[in-house]
Structure formats: C-alpha cells, structure tokens
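Okay, so here's the structure we're looking at.
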Amino acid sequence: MRAILRRPLLFEAIPGEAPMSRQLPSVTVVICARNAAAHLGGSISSALAQDYPRDRYRVLVVDNGSTDETRYVARAMGAAVRGHRRPGIAGARRFAVETVRSGLIAFLDADCEAPKNWLSSLVPEFLDERGTLTTRVGAVGIRLVSDEPRTLAERHINAGGMMDTDRMFTRNALQFPFVVCAGMVARRDALREVGAFDPGFGRAAGEDADACWRLRRNGWEVRYCRDVTVLHHHRASVGAMLRQVRWYGAGSAELFARWRKELGWRRYTDWRVYQRLVGGLTAAPFALLLQSGYERHAPALRALDAAAFLCGKLRRSIEKRILFL
C-alpha cells in the first residue's frame, strides 16, 4: 500500500538532467554516524547486501565528529568515509547532499538495518514509464519497525509510539505529513533546490519533516511506501532515550518557529505533554506499589520523557523567541 502527498503540478523533465534510459539511476547510500562504532556494522552490512545492481550504488558514511572507532569500522567494512566535524544530523545530511554526485540519495541511520529490497523497491517510485528520472517525485519514505524490546527504554519507546511513521504521515495541528530520513530515498537535485537539511537545526530533530515540507512547498511529491520496512534499534538505556527525547522537543520548537504561519498559528500550547507529565507523576507511586514488570515503571518513564521533551522544547522556544509551550 502506498500513500502519496501530492500537489497539482505538471510532470515534466528537470532542465539540464541527462537522460538515464536503459540503466538504473545511480544511488549513494548515506549513513550519518556519530560515535556509532558499536552498532554501525549492522547498518553498513544491510546497505552492502542490497539486491540493487552493485555497480549502480555505493555506501558513504559521514562521520559527524566521532571520538570512537566509527570511521575505522566503516572503512574496514568497505564503505567510503567523509568527515563533517560540526555536530548535528541536519548539517551532516546537508554535507552529504552537497558532496555526492548520484541522482538519488538513500539515507540510512547508523542504528537501522534495511531489507535487501529497500533500494529496488523505492527507486522505481522516481522513474517514468521509460525508466528515466523525469518525474516530480522528490522523496520516498518507509515504515520503521523495531526488534522485540528487551529493556525498559525499548519497551517505553514502543508503547509511546515514538517511531510511529504512520502517525508522522498525517496532518494535525502541528505538522504536515512527512516521512522520516531513516530509510528515505530522495532526489539529490530536489534536496539541493529546496535547501533541505538546514544546519540551523543543530543537534535537534525535525530536519526530515522540514525537508519534506520544503519539497512539498516547491511542488515535489513526498511518498510513503508503508510496505517497505526498515529495522530501527531503539535506545537501550533510559538515559540515552531521554537525551534523544530532549532533542525531539527542541526539534518541535524549531519546526514551529519555521512553519507556524503555514500551519496557521502565532502561538500554541500543547497540553498533552503536560498531561503526560502530571499523569505520570500522579500514577508513579501507585504503580511502584501495585504493579510489576514494565507496568511498574511505565508512569515514571512517561513523566521523565515528558520532562525531557519540555526541557528541549522550552529552551529552543526561548532561543527562537516564540510562544510555544
């Protein structure tokens, strides 16, 4: 099943683009990694195991200022490595977009593993009936799935739907539909045209939503191929999860600062996160006394992730001088 975000437009050739008849387009698989040596191997292995013709794609790891063995692991496994020392996933992705020469860029996160048919399933979405890159499809995303959770943090991420890509590809008060960068394949020229992955996001999340909304605004299609799934390995510890959630909060404020006019808001208070905080604090003592297993800790974890989200969100809101509570 495929969902399509479409705006009225004419499907016409992109000026200056060479025809690619009788051969598949070239693809660069980009893995942006920072201190990812411990789990990068699975991501690179899955990228190298694609059933897409091997001479039509390469794997590039963008080392985002790692202090561990990330670049050595990548090279040992046969991936090309380029360094981008300024921390921030948006800046690392922008660096890749400006660096690669292939017609398509396939983004895979260091904590993700793609199925063998990832590229062969998504690349045809960009091609016309002659097999050339002349459509106005700008990006195609996938559905994220997870391992069977083993830790409290992993169970909490699943229970809270933090990686629910179906929900992300919907319109609500604070977002237009978007697809996540983990597993996204995109037209390089389209990303360059719209200035995708603004380094101004810093280490905050939300660069994928911003990129999709820029594409849509410029008349490019963003497609969601739900039947193609990419495995995401969640943060295993509560501390790592909370640090990630804090950057989600910062990203939500960054997106609101950039898109509030298009979304129809001057200011906004999202009471749901406060309800989660208060509800978690209220229920935590009873759960500790009466529950067992994950349910014993679930309310406290809800309160903690709400607090972390608010910490990132309110700090970035102050920096941006916006009323987004």
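Every read-out reported here was derived from the displayed coordinates using simple, explicitly stated rules and does not represent laboratory data. From a predicted model like this one, the values you see are computed outputs, not experimental measurements. All Cβ positions, even for glycine, are placed from backbone atoms using ideal geometry, and neighbour counts span all protein chains on display.
What the table below lists for this structure:
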{"quantity": "Table column - 3J(HN,Hα) (Hz), region 199-211, Karplus curve with 6.51, -1.76, 1.60, x for Gly and Pro", "calculated": "x, x, 5, x, 8, 6, 7, x, 5, 6, 4, 4, 5"}
{"quantity": "³J(HN,Hα), Karplus 6.51/-1.76/1.60, whole Hz, each residue of region 29-34, x for Gly, Pro", "calculated": "7, 10, 10, 8, 9, 9"}
{"quantity": "Cα long-axis angle, helix 271-290 against the chain (0 to 90 degrees, to the nearest 10)", "calculated": "60 degrees"}
{"quantity": "Additional length obtainable on full extension of the chain from Asp164 to Asn117, 0.36 nm per residue less Cα span", "calculated": "14.8 nm"}
{"quantity": "Ratio of Rg to Rh over region 208-277 (Cα coordinates, Kirkwood Rh, two decimals)", "calculated": "1.04"}
{"quantity": "Cα long-axis angle, helix 238-263 against the chain (0 to 90 degrees, to the nearest 10)", "calculated": "70 degrees"}
{"quantity": "Among beta bridges that DSSP assigns inside the chain, antiparallel share in %, nearest 5", "calculated": "30 percent"}
{"quantity": "Relative contact order %, the chain, counting alpha carbon pairs below 8 Å whose residues are six or more apart", "calculated": "20 percent"}
{"quantity": "Ranked packing of 132-138, 291-297, 161-167, 89-95, most packed first, by mean Cβ within 10 Å", "calculated": "89-95, 132-138, 161-167, 291-297"}
{"quantity": "Taking region 248-320 and dividing mean pair separation by its residue count, relative contact order in percent (alpha carbons under 8 Å, at least six apart)", "calculated": "51 percent"}
{"quantity": "For the chain, size of Cβ-based charge dipole, Lys and Arg +1, Asp and Glu -1, in debye", "calculated": "980 debye"}
{"quantity": "Correct option for Cα extents along the principal axes in Å [calculated from the coordinates] among (1) 101, 44, 33; (2) 87, 42, 37; (3) 67, 46, 38", "calculated": "(3)"}
{"quantity": "In order through region 157-171: 3J(HN,Hα) via Karplus (6.51 cos²θ - 1.76 cosθ + 1.60), integer Hz, x for Gly, Pro", "calculated": "4, 5, 5, x, x, 4, 10, 7, 6, 5, 5, 5, 8, 9, 9"}
{"quantity": "Under 5 Å, built H, 5+ apart or other chain: amide partners of Val180", "calculated": "Ile142"}
{"quantity": "Part-to-part distance (alpha-carbon centres) for region 70-124 and region 213-228, which is given in Å", "calculated": "20 Å"}
{"quantity": "Net charge over other residues, Cβ less than 14 angstrom from the Cβ of Val278 (K, R count +1; D, E count -1)", "calculated": "+1"}
